[in-house]
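Step one of this worksheet: look at the structure below.
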Amino acid sequence: MKTSKLEKLSHYAIIVIALSALVVSVMQTRIQHNHNKLTVKPYLHYSLEQNFDDDIASVYIVNDGFGPAIVESITFMYKNKSYNSLEDYLKASGEIKNRRGSYNYNKNSVFKSNQKNLLVELKGMSHRNVNVEINYKSIYEEVGTYSFKF
C-alpha cells in the first residue's frame, strides 16, 4: 500500500506539532520554576535604630523577601581582623561592656520573611566601623551574600 504525498505531509505535520507542544511545555515548566524561586527569594537589609533617651544603638537584620534566609555564616570584620561570632567580636573590640542585648546566629539559623531580627544592642551612639558579612541560602539552595557596616 502506497501512501500519497498528502498523507506523508500530514504525518510530518503531526510530528512537528507534537514536538512544538513538547518544547512549549518544557519552556513553561522552566518559567514556572524560575517564578517559584523568585517568590521565595530572601532580601536582606539592616536597620540601625537609635534610642536617644537611653543612649542605645540597636542593629537588626530584616528580611523583606517572601522566603526565609538560611544562614550559612556570619563574619565580623573589625580593624582588619575577622571574627566568626558576635561574641568573639564583642570581646576582642572591648564592646562586651556596652552590650545591652544580642543574638548570636549560627549556621542554619533562619531570618524569617517580614521579621526584624536583633543582632546587637550597644550602649553609645558612636559608629563602630564593623563590617558584617552574612552568607545565606534560600529554600531552593541558592546562595547569597549581604554585607553592611555599622
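The values are calculated or read from the model by the stated rules, or taken from the named source; none is laboratory data. Bear in mind that the values here come from a model prediction, so they are computed numbers and not experimental data. Please note: Cβ atoms are built from the backbone with ideal geometry, for glycine as well, and neighbour counts cover all protein chains shown. Only protein heavy atoms, including side chains, enter the accessible area calculation; ligands, DNA and RNA are left aside. Shrake-Rupley method; radii C 1.70, N 1.55, O 1.52, S 1.80 Å.
Can you pull out every residue in segment 104-147 that is open to solvent by 70 Å² or more (accessible area, probe 1.4 Å) and of a type in the set (A, V, I, L, M, F, W, C)?
I139, V143
Just the residues that are under 13 Å from V59 (Cα atoms) and crowded, with 17+ Cβ neighbours inside 10 Å, please, taken from segment 83-103.
Listed by number, the residues that qualify are L86, S102.
Anything in segment 46-63 that is closer than 18 Å to N106 by Cα and open to solvent by 30 Å² or more (accessible area, probe 1.4 Å)? List them, or say none.
The answer is Y46, Y60.
Could you look through segment 39-89, keep only residues that are assigned to a loop (DSSP other than H, G, I, E, B), in contact with a Lys or Arg (Cβ under 9 Å, 6 or more places away or on another chain) and among the charged types (D, E, K, R), and pick out the one that is modelled with the highest pLDDT?
Only one residue fits best here, namely D55.
Residues that are of a type in the set (V, I, T) and in contact (Cβ under 8 Å) with a residue 24 or more places away in the chain: does segment 29-38 have at least one?
no
Hand me the list of strands (runs of 3 or more DSSP E) wholly inside segment 106-150 holding 2 or more residues that are under 17 Å from the mean Cα position of the chain (by Cα) and either charged (D, E, K, R) or at pLDDT below 95 (or both).
Ranges flagged: 115-123, 131-137.
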